[in-house]
Amino acid sequence: MIIQSEKISLKHLLTVEALSDQEVMGLIKRGQQFKNGAQWSPEKPQYFAANLFFENSTRTHKSFEVAEKKMGLDVIDFDSRTSSVQKGETLYDTVLTMSAIGVDVCVIRHGDENYYDELIQSRTVHCSIINGGDGSGQHPTQCLLDLMTIYEEFGYFEGLKVAIVGDITHSRVAKSNMQMLNRLRSEVYFSGPEQWYDKSFDVYGEYRPLDELVEMVDVVMLLRVQHERHDGNESFSKEGYHQEYGLTIERAKRMKEKAIIMHPAPVNRDVEIADSLVESYQSRIVEQMSNGVFVRMAILEAILNGVA
C-alpha cells in the first residue's frame, strides 16, 4: 500500500469507518515517526484541548494527556465529578461551553453510543471531537494503536490471521478492529462465549473455538469481560472462564513462534489471560500502551491541521 506524503487533515475522528485506507496508514506511519523522535510544527502559537471522560479510563485518558503535553498543547482540566454535570448539565452543553471559551479539540468518552451525532450537527459547537469511546459502539483511537502495533511487528496486514477473543458483543474495541482489519484484508476470526457473540459479526470474520485458533493465527487479541455493560444475569466464574475461553499457559505453548498476544487493557489477570503471559516475550500489551501516546499524537496533529 503506497502512502503519499501530504499531511492529513481531519475535522473529527468519530469512527474508523469514516477514515480512508490512506488516512489509516498515514496515521500509523506518522505515529511511528513520532515514536522515532519526530516533532510537531504547529501552525498557530496556541491550541487548547479538553479531555471529557464520563466513564473511567486510565490508558486512553492519560495517554491523550501525555500526547497533548508532548505536543505543547494547553490542556484544560475537566472532571465530571466536580463540573456542572453534577447540576444536570448535558454533554451537549458541556461541549458547547468548551467551544465557546476557545477549546480547539475535545476528546470525549461517554456511555451513550453515537453521543457525537448531536455535537457535529450543531451550528454553534465549533471545536473538533475525538471519540475516546462511545458505550459499546466504537473506540477508533484504540483501533489505530492496535493497528500500529501489528504493523510494527509484521509490516503488512493483508493475509494476517487475527483472532479476537472474549466479550465481543460489548466491546467497542472489537467492533472497530474487526471492521478495519477486514478492510485491510486480514483474515479475522472470533472466539469466546457464544452468548457474547452476534451473528452480525460474520460479515467480518468467522467464529471458531479458541483451541482451534491458537495454532493458526498470527495475532491473539484478547478482550476484557465488560461486567459494566452486562445486564447482571450472566453467571460468571473467573477460573471457569479462564479455562474455557482464556489464553492459558498451555494454549500459549501451542501458538506459532512468531505470533503475538494483544489486549487493550485493563487486563483481568488469570481470567482472559494467564498472569505470567501479560509481560511474556510474545506479549505486545505494554507496547500497545506505549504506542497509544504516539498514534494519538498523530491523530491530534491531523485534527489540528484541520483547525488551523
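The values are calculated or read from the model by the stated rules, or taken from the named source; none is laboratory data. Computed from a prediction, not measured in an experiment: that's the story for all the values here. Cβ: placed from backbone, ideal geometry, glycine included. Neighbour counts: every protein chain shown. Each accessible area value is taken on the protein alone, full model and side chains, heavy atoms only, with ligands, DNA and RNA left out. Shrake-Rupley method; radii C 1.70, N 1.55, O 1.52, S 1.80 Å.
Within the shell defined by Cβ-Cβ distances under 15 Å, the residues around Val85 carry a net charge of -3, with Lys and Arg each +1 and Asp and Glu each -1.
Please go through the residue pairs Lys11/Lys175; Lys11/Lys161; Lys29/Lys253; Lys29/Lys69; Lys35/Lys62 and name each one whose alpha carbons sit more than 24 Å apart in this structure. Write out the running numbers ahead of the final one.
Values: Lys11/Lys175 22 Å; Lys11/Lys161 33 Å; Lys29/Lys253 32 Å; Lys29/Lys69 21 Å; Lys35/Lys62 17 Å.
With Cα atoms farther than 24 Å apart: Lys11/Lys161; Lys29/Lys253.
With all protein chains kept in place, the per residue accessible area of the chain amounts to 45 square angstrom at a probe of 1.4 angstrom.
Packing, taken as the mean count of other beta carbons within 10 Å per residue, orders the peptides 91-97, 272-278, 172-178 from highest to lowest as 172-178, 272-278, 91-97.
Compared with the alpha-carbon gap, the fully stretched path from Ser83 to Arg183 is longer by 32.0 nm at 0.36 nm per residue.
Would you mind computing Rg(Cα) / (2.2 N^0.38 Å) for the stretch 1-156, counting N as its residues?
The stretch 1-156 yields a ratio of 1.07.
Sorting 245-253, 260-268, 76-84 by average packing, meaning the other beta carbons within 10 Å per residue, from highest down gives 260-268, 245-253, 76-84.
Helix by helix through the chain, keep the DSSP H runs that span 30 Å or more along the axis on Cα and average at least -0.5 on Kyte-Doolittle, and give those back in order.
Values: long enough: 285-307 (33 Å, 1.07).
The qualifying helices are 285-307.
Rg and Dmax over the alpha-carbon atoms of the chain stand at 19.3, 56 Å. Take 139-152, 212-225, 195-208 and order them by the average number of nearby Cβ atoms within 10 Å per residue, most first; the result is 139-152, 212-225, 195-208. Atom-type composition of the exposed protein surface of the chain places 45 percent of the accessible area on carbon and sulfur (1.4 angstrom probe). Here, the stretch 140-289 is characterised by an Rg to Rh ratio of 0.92, where Rg is the alpha-carbon radius of gyration and Rh the Kirkwood radius.
Which net charge results for the neighbourhood of Met178, defined as the other residues with beta-carbon distances under 12 angstrom from its beta-carbon, given Lys and Arg at +1 and Asp and Glu at -1? Please report the intermediate quantities before stating the final value.
Working: positive: Arg172, Lys175, Arg183; negative: Glu17, Asp146, Glu187, Asp198, Asp202, Glu206.
Net local charge, Met178 excluded: -3.
Between Gln39 and Ala18, the contour length at 0.36 nm per residue exceeds the Cα-Cα span by 4.9 nm.
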